[in-house]
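Since the structure comes first, as structure tokens, the remarks are kept for the end.
The values are calculated or read from the model by the stated rules, or taken from the named source; none is laboratory data. Predicted model only: the values in this text are computed from it and were never measured. Virtual Cβ from ideal backbone geometry, glycine too; neighbours counted across all protein chains shown.
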Amino acid sequence: MTEIAERLDAYVRFWNTGTEHEQRACAEAAFTDGVEYRAQIGVLGGTQALIDFRNQFAAHMGPVALRLREQPQIHHGRARLRWEILTGDGAETSFATGTDVLHLEEDGRISSVTVFLDRAPEGFDPAAHD
């Protein structure tokens with residue numbers, strides 16, 4: 001596995017792991033210290049903010065899993081990941097789909113994430129997050 005592939009694998013594991021210890025290990029492997037996360041729900045900065053966001057989401061939704069819908073596309077220091085979030089016991093119910101555009105540093109770590117919703121969750125109001 002290439003260094004970039006390892007970083008992207010750590011990124012997906014970060015969203016799927018349940019313990020803070022595992023999250024920190026994945027975050028250390030995937031992100032730069034000052035990683036910036038931009039989504040319709042807001043802008044977050046730093047790994048602790050991402051850990052908190054992931055844990056709040058999981059606490060609200062219950063069992064949740066992020067899976068890739070296809071192999072990541074990578075070029076010129078960027079990666080595009082198309083994903084689906086699954087919820088429910090066994091994480092079988094499709095909640096949303098989207099695309100993350102990642103900025104990769106020379107060592108392959110992610111310095112920024114820009115999130116686009118391809119299919120928003122039912123009832124999601126993007127105007128509520130402006």
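State which residue is modelled with the lowest pLDDT when the search covers only region 9-24 and only residues that are farther than 19 Å from residue 86 by Cα and in contact with a helix residue (DSSP H, G or I) (Cβ under 9 Å, 6 or more places away or on another chain). Explain how you work it out, then say what you get.
Looking only at region 9-24, we keep the residues that are farther than 19 Å from residue 86 by Cα, and these are 20-22, 24.
Still in the list and also in contact with a helix residue (DSSP H, G or I) (Cβ under 9 Å, 6 or more places away or on another chain): 20, 22, 24.
Details: 20: 90, 22: 96, 24: 97.
Among residues in region 9-24 that are farther than 19 Å from residue 86 by Cα and in contact with a helix residue (DSSP H, G or I) (Cβ under 9 Å, 6 or more places away or on another chain), the one modelled with the lowest pLDDT is 20.
Those residues that are surrounded by 13 or more Cβ atoms within 10 Å (Cβ to Cβ), assigned to a loop (DSSP other than H, G, I, E, B) and not hydrophobic (A, V, I, L, M, F, W, C), I need them from region 73-130; list them, please.
Matches in region 73-130: 77, 88, 105, 108, 109, 121.
Of 84, 22, which residue is among the acidic types (Asp, Glu) and either closer than 26 Å to residue 128 by Cβ or in contact with a Pro (Cβ under 9 Å, 6 or more places away or on another chain) (or both)?
Numbers: 22 fails: either closer than 26 Å to residue 128 by Cβ or in contact with a Pro (Cβ under 9 Å, 6 or more places away or on another chain) (or both).
From the options 84, 22, the qualifying one is 84.
Looking at 98, 45, 123, 62, which one is at pLDDT 95 or above, of a type in the set (Gly, Ala, Ser) and over 12 Å from the mean Cα position of the chain (by Cα)? Let's see the steps before the verdict.
Values: 98 fails: over 12 Å from the mean Cα position of the chain (by Cα); 123 fails: at pLDDT 95 or above; 62 fails: at pLDDT 95 or above.
Of 98, 45, 123, 62, the one residue that is at pLDDT 95 or above, of a type in the set (Gly, Ala, Ser) and over 12 Å from the mean Cα position of the chain (by Cα) is 45.
Determine the pairs where a residue that is under 19 Å from residue 101 (Cβ atoms) and among the aliphatic types (A, V, I, L, M), located within region 4-20, has a partner that is modelled with pLDDT under 95 and part of a helix (DSSP H, G or I) with Cβ atoms under 7 Å apart, the partner being 6 or more residues away or on another chain.
Cβ pairs passing all conditions: none.
Which one is farthest from residue 107 (Cα to Cα), of the residues in region 42-54 that are surrounded by 15 or more Cβ atoms within 10 Å (Cβ to Cβ) and in contact (Cβ under 8 Å) with a residue 24 or more places away in the chain?
Step one: of region 42-54, the residues surrounded by 15 or more Cβ atoms within 10 Å (Cβ to Cβ) are 44, 46-47, 49-51, 53-54.
Now narrow it down to the ones that are in contact (Cβ under 8 Å) with a residue 24 or more places away in the chain: 50-51, 54.
Details: 50: 20, 51: 22, 54: 24 Å.
Here the answer is 54.
Can you tell me how many residues within region 48-85 are touching an Asp or Glu at 6+ places or on another chain (Cβ under 7 Å) and closer than 20 Å to residue 10 by Cβ?
So the count comes out to 6.
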